[in-house]
1. If the Cβ limit is 8 Å and pairs must be 6+ apart or interchain, which residue in the range 87-100 that is at pLDDT 95 or above pairs with which residue that is among the aromatic types (Phe, Trp, Tyr)?
2. Being outside any helix (DSSP H, G or I) and modelled with pLDDT of 95 or more is the requirement here; does VAL58 meet it?
3. Within the range 24-47, track down each residue that is touching a helix residue (DSSP H, G or I) at 6+ places or on another chain (Cβ under 9 Å) and either within 16 Å of the ligand (Cβ to nearest atom) or at positive phi (or both).
4. Among the numbered criteria (1) surrounded by 18 or more Cβ atoms within 10 Å (Cβ to Cβ); (2) in contact with a Lys or Arg (Cβ under 8 Å, 6 or more places away or on another chain); (3) farther than 10 Å from SER297 by Cβ; (4) not aliphatic (A, V, I, L, M), which one does ASN368 miss?
5. I want to confirm something. Restricting to the range 187-201 and keeping residues that are in contact with a helix residue (DSSP H, G or I) (Cβ under 7 Å, 6 or more places away or on another chain) and modelled with pLDDT under 85, which single residue is surrounded by the most Cβ atoms within 10 Å (Cβ to Cβ)?
6. Taking the range 48-65 as the search range and keeping residues that are touching a residue at least 60 places away in the same chain (Cβ under 8 Å) and surrounded by 24 or more Cβ atoms within 10 Å (Cβ to Cβ), which one is farthest from the ligand (Cβ to nearest atom)?
7. So PHE3 passes all but one of these: (1) away from the ligand (no atom under 13 Å from the Cβ); (2) in a helix (DSSP H, G or I); (3) of a type in the set (Phe, Trp, Tyr). Which condition number does it fail?
8. Please give the number of the condition GLN17 fails out of (1) in contact (Cβ under 8 Å) with a residue 12 or more places away in the chain; (2) polar (S, T, N, Q); (3) away from the ligand (no atom under 14 Å from the Cβ); (4) closer than 21 Å to THR134 by Cα.
Amino acid sequence: MRFVVKLGTSTLTRGTQRLSPPLVIDLARQVAALKDEGHEMVLVSSGAVAAGRERLQVPHLPKNVPAKQMLAAVGQPRLMAFYERIFEMYGVTVAQVLLTRKDFAGRRGYLNARNTLAALMENGVLPVVNENDTVATDEIRVGDNDNLSALVASLVDADWLVLLTDQAGLFTADPRCDADACLIAEVAGKEIPPDIWRAAGGSGGSGLGTGGMVTKLQAADLARRSGACCVIAQGAEPDVLTRLAGGEHIGTRFPPLATAVESRMRYILSGGHHAVGRLLVDAGAVGALRRGASLLSVGLTAVSGEFDRGDTVRVMMKDPQGADGETEVARGIANYDSRDLVRILRKPSDEIESVLGYHFGDEVIHHNNLVLL
Ligand code: GLU
């Protein structure tokens, strides 16, 4: 299974002004154990600003954006060094992946981020994702790592999104000031009820992180709609990750509303309404697509329309018996733009690099990014 685990600043610092190794060491042990069992893991981690503050001894979180960006610039490499040291003990290689909203907003960025994360996971590397705070201005910011982690979960078709925080989960009221507050074990149903949104109101714990429970609830809702099961749980809960993976119910759970495949198909089909690109393919390619294979350049006979890498395109075949028409057989996300495809059509995949001078993989459309019609 594929897990996205989000660690917030309050968990990383345990409410102090410094990154706190013990908890992270324990989580790293669990991440390594799950990787050993064959699960794929992605970490989304806050803490860059906190690490910058720790280094520069800035006691109060500045309000102005350049100051925060400066702190993130100082803190992000320190945060990565922190993870590198800890995961090294378990033989896990970490990689830094910094994203902004535009990396999810369809098209090229989406595909690039998705492919990079997939390649890292395939090679057993643990991606550690954060927002690219140093360059992200308001228009391109996600703004909080709860929502960022949900976007990542959707990007990688995660089965699980685990939001680790300093609270045991979502409560009916703020447990720090209301003795009657009880933990909500599960949130199901198509819409999240208003009283749960109300209960999540106000911001969370230590004032060090950006998100409160509201952003966690937004993230959970987004994740469950894209096919992941989301859990809000306490980072300090013993063996929280391995127990969750073992099927135990911990914290607040949001079961998925769709499967990841359904949600991907919806994404692809919805992109198809404005699809200008058409790829004409031969009968051999149609047969291969119907058997679940990817679309390769060798089966591509013509390209029409101008489109970018990452755009949704229509896959067409000629109507039989010499008729003039074409029928749409599939829709998918193109790995190459229209100019490149014109140059590589009918060519075997192993010639792509010599023709273009680079390549984005053997597939014109990967079968995971393709919906048969
Ligand atoms: N990206 C910010 C950081 O690393 C944190 C955002 C958040 O806490 O949600 O400091």
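The values are calculated or read from the model by the stated rules, or taken from the named source; none is laboratory data. Keep in mind it's a predicted model, so treat the numbers as computed, not measured. Using ideal geometry, Cβ is built from the backbone for each residue, glycine included, and neighbour counts are taken over all protein chains shown.
1. THR93/PHE87; VAL94/TYR83; VAL94/PHE87
2. The answer is no for VAL58.
3. Selection gives VAL24, VAL42, LEU43, VAL44, SER45, SER46, GLY47.
4. Failed condition: (1).
5. Taking the candidates together, the pick is ALA200.
6. Just the residues of the range 48-65 that are touching a residue at least 60 places away in the same chain (Cβ under 8 Å), to begin with: 48-50, 61, 65.
Imposing the further condition that a residue be surrounded by 24 or more Cβ atoms within 10 Å (Cβ to Cβ) reduces the set to 48-50.
Numbers: ALA48: 3, VAL49: 3, ALA50: 6 Å.
So, considering only residues that are touching a residue at least 60 places away in the same chain (Cβ under 8 Å) and surrounded by 24 or more Cβ atoms within 10 Å (Cβ to Cβ), the one farthest from the ligand (Cβ to nearest atom) is ALA50.
7. (2)
8. Failed condition: (3).
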